[in-house]
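To start, the structure under review is shown below, and the notes come after it.
The values are calculated or read from the model by the stated rules, or taken from the named source; none is laboratory data. Worth saying up front: this structure is predicted, and the values here are computed from it rather than measured. Note that we place each Cβ from the backbone using ideal geometry, even for glycine, and neighbour counts take in every protein chain shown. Areas reflect the complete protein model, heavy atoms only, side chains present, ligands, DNA and RNA absent. Shrake-Rupley method; radii C 1.70, N 1.55, O 1.52, S 1.80 Å.
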Amino acid sequence: MRILVVGDWHSELHEEVVMNAFKVLGHEVKKFSWHDYFKSNNQIDAFNKKFQNRFIIGPIIWRINRDMIRSAAEFSPEMIFVYRGTHITASTLKKLRQQHTDVILVGYNNDDPFAEGHHYSLWKHFLKAVPEYDLMLAYRHHNLDDFLGIGAKRVELLRSWYFPERNHPVILSDEEKAKYECDVVFVGHYEADFRKSYLEELVRQGYKLKLFGPGYDWDPVLMKSPELRHLVPVRLVWGEEYNKALCGAKMALCFLSKHNRDTYTRRCFEIPATRTLMLSERTDDLASLYKEGNEVDFFSSMNEMMDKVKLYLGDEKLRQEVAKNGYLRVTSDGHDVVSRMRQLLGWVAAIKSNEGNARG
């Protein structure tokens, strides 16, 4: 199958992984990215492009959609996979349908466009375009009904994934141990929930904590915290560096985004894939994926989190056993990106089959 993968590609972290998974499965793949449309050479140009990108309006947005149509015309895709299509309009999808009558349009979005707090401009094109897709992929259970409620033709739950080439156990060098070795690590963004106070309690209790994430979120908050101020500046880690940050910890915490109404997150697969013990907020969703206390562990309060930290850091054999079981669970249950894309292609095949039967 010829597959056109469309997205921002600002980090090439997610779209690139999806594209490679399709290639592994034997498909011909082409990418279309809009990130470079917003690169600038001077301050005035930068302001203009930042404004258009921020509010998703203006001639650049028109040019992106025009060029996507042209890219499809050159490639003649049988499927178009749009990753977080904030900049793709409903009219563009209609034109693609007219020009490629057999193409299957697939939309995927890892954020929650129905959650409160998002600026209207971010999702205005995306939400209007939902009815034009043949298949919408929901990241969360509650988004299944959300998409159907605004006219989606078909919706399926496609959970996030881990990428075995980037998420795997590694042995750190002495230099890497100095950078990453710790009792507990948290890799993620700041939200004004309870995560800061939980991390402060870890430090108060004498545990060695490492923190990685966007410093522009974390640093202003941590500077006001006597317990966490020493972690400034907080820095982002990507790729192999992210993997080493997880592997250097005896256990990794997972806090869930309240902004996105998450009941699980990508790190719930990435952490066990490194054979590091995952200690996460408890949800029914996560409890359906892992056995509590056997493959990962959960907490619902600060006291429970601290009790679990004390338990596993005081029992090396138990910690390694649970981490090993979590690794076996995530690697055997098909949570890798290739398995996810195989699942997606099964849905696409069913849609094609139904359309063929309807024409017949």
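If you filter the range 133-170 down to residues that are among the acidic types (Asp, Glu) and surrounded by fewer than 21 Cβ atoms within 10 Å (Cβ to Cβ), you find that the one that is nearest to Gln320 (Cα to Cα) is Glu165.
Given the criteria assigned to a helix (DSSP H, G or I), over 20 Å from the mean Cα position of the chain (by Cα) and buried (at least 17 other Cβ atoms within 10 Å of the Cβ), does Leu246 qualify? No: the conditions fail for Leu246. Out of (1) open to solvent by less than 40 Å² (accessible area, probe 1.4 Å); (2) touching a residue at least 40 places away in the same chain (Cβ under 8 Å); (3) more than 23 Å from Thr92 (Cα to Cα), the odd one out for Glu15 is which? That leaves (3) as the condition not met.
Restricting attention to the range 25-56, the residues being in a helix (DSSP H, G or I) and not acidic (Asp, Glu) number 15. A count restricted to the range 37-71 and to residues that are touching a residue at least 12 places away in the same chain (Cβ under 8 Å) and open to solvent by 70 Å² or more (accessible area, probe 1.4 Å) stands at 4. Could you please find all residues in the range 77-93 being surrounded by fewer than 24 Cβ atoms within 10 Å (Cβ to Cβ) and out of contact with any helix residue (DSSP H, G or I) (no Cβ under 6 Å at 6 or more places or on another chain)? Answer for the range 77-93, where residues must be surrounded by fewer than 24 Cβ atoms within 10 Å (Cβ to Cβ) and out of contact with any helix residue (DSSP H, G or I) (no Cβ under 6 Å at 6 or more places or on another chain): Glu78, Arg84, Ser91. Only one of these is assigned to a helix (DSSP H, G or I), of a type outside the set (S, T, N, Q) and either in contact with a Leu (Cβ under 7 Å, 6 or more places away or on another chain) or under 27 Å from Val24 (Cβ atoms) (or both): Leu311, Leu286, Leu328. Name it. Exactly one residue qualifies, and that residue is Leu328. Residues in the range 179-200 that are under 18 Å from Ser300 (Cα atoms) and either at pLDDT below 95 or surrounded by fewer than 17 Cβ atoms within 10 Å (Cβ to Cβ) (or both): Glu191, Ala192, Asp193, Phe194, Ser197.
Among the residues of the range 255-292, write down those that are among the small types (Gly, Ala, Ser) and in contact with a helix residue (DSSP H, G or I) (Cβ under 7 Å, 6 or more places away or on another chain). Across the range 255-292, the qualifying residues are Ala273, Ser280.
Taking the condition among the hydrophobic types (A, V, I, L, M, F, W, C) and either touching a residue at least 24 places away in the same chain (Cβ under 8 Å) or farther than 21 Å from Pro272 by Cβ (or both), does Leu135 pass? When the stated conditions are applied, Leu135 passes them. Across the range 263-291, the qualifying residues are those that are among the hydroxyl-bearing types (Ser, Thr, Tyr) and surrounded by fewer than 20 Cβ atoms within 10 Å (Cβ to Cβ), and the one among them that is farthest from Gly334 (Cα to Cα) is Thr283. If you check Asn260, Asn294, Asn354 for being open to solvent by less than 50 Å² (accessible area, probe 1.4 Å) and among the polar types (S, T, N, Q), only one passes: Asn260. A single member of Glu28, Glu116, Glu74 is surrounded by fewer than 19 Cβ atoms within 10 Å (Cβ to Cβ), free of Cβ contacts under 8 Å to residues at least 40 places away in the same chain and touching a strand residue (DSSP E or B) at 6+ places or on another chain (Cβ under 8 Å), and it is Glu28.
Restricting attention to the range 304-333, the residues being open to solvent by 20 Å² or more (accessible area, probe 1.4 Å) and either within 22 Å of the chain's Cα centre (by Cα) or among the polar types (S, T, N, Q) (or both) number 8. Among the residues of the range 185-227, those identified as more than 24 Å from Glu240 (Cα to Cα) and of a type in the set (Phe, Trp, Tyr) are Phe194, Tyr198, Tyr207. Residues in the range 215-233 include none that are under 19 Å from Leu313 (Cβ atoms), open to solvent by 20 Å² or more (accessible area, probe 1.4 Å), of a type in the set (Asp, Glu) and assigned to a helix (DSSP H, G or I).
Cβ-Cβ contacts under 9 Å between residues 6 or more apart (or on different chains), taken from a first residue in the range 83-104 that is in contact (Cβ under 8 Å) with a residue 12 or more places away in the chain to a second residue that is basic (Lys, Arg), are listed as Thr86/Lys124; Thr89/Lys128; Ala90/Lys128; Thr92/Arg66; Asp102/Lys352; Val103/Arg97; Ile104/Lys352.
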